[in-house]
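Peer 1: Please read through the structure below; I'll follow up with questions.
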Amino acid sequence: MATKAEKDVYAKLARLGCILCRQQGITDTDTEVEMHHVRRYGGKRNLAPVIPLCAFHHRLGNSSVHALGHKGFEKYWGFSEEDLLNKLDEK
Ligand SMILES: [Zn+2]
Ligand SMILES: [Zn+2]
């Protein structure tokens with residue numbers, strides 16, 4: 001279950017819109033976003049940082065993070081989930 005602090009973070013991220021769409025210059029933030037947990041080695045899921053992704057980039061599309069997997073994602077897009085996390089911090 002998400003804590004109040006987590007919900008605040010999620011709400012803030014949701015307003016940013018899909019971070020992957022943003023990398024492609026698409027800033028139409030009407031698309032509803034889903035929170036993707038970035039898995040770190042040895043990390044527990046509930047401690048994992050999250051990035052906002054639209055459903056297509058999260059799990060529906062062939063180029064989605066769940067379709068490609070950790071390594072495949074980086075190869076396909078030219079940046080990793082960690083890179084996207086860093087981009088969130090720039091905002
Ligand atoms: Zn997207
Ligand atoms: Zn996910």
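The values are calculated or read from the model by the stated rules, or taken from the named source; none is laboratory data. Here the structure is a predicted model, which is why all the values come from computation and not from measurement. Cβ coordinates were reconstructed from backbone atoms using ideal geometry, including for glycine residues, and neighbour counts include every protein chain displayed. Areas reflect the complete protein model, heavy atoms only, side chains present, ligands, DNA and RNA absent. Shrake-Rupley method; radii C 1.70, N 1.55, O 1.52, S 1.80 Å.
Peer 1: Counting just the residues of region 43-66 that are away from ligand 2 (no atom under 11 Å from the Cβ) and assigned to a helix (DSSP H, G or I), which one comes out modelled with the lowest pLDDT?
Peer 2: Going through the qualifying residues, I end up with Asn46.
Peer 1: Which pairs have Cβ atoms under 6 Å, sit 6 or more apart or on different chains, and link a residue in region 48-60 that is within 11 Å of ligand 1 (Cβ to nearest atom) to one that is hydroxyl-bearing (Ser, Thr, Tyr) and open to solvent by less than 30 Å² (accessible area, probe 1.4 Å)?
Peer 2: His57/Ser64; His58/Ser64
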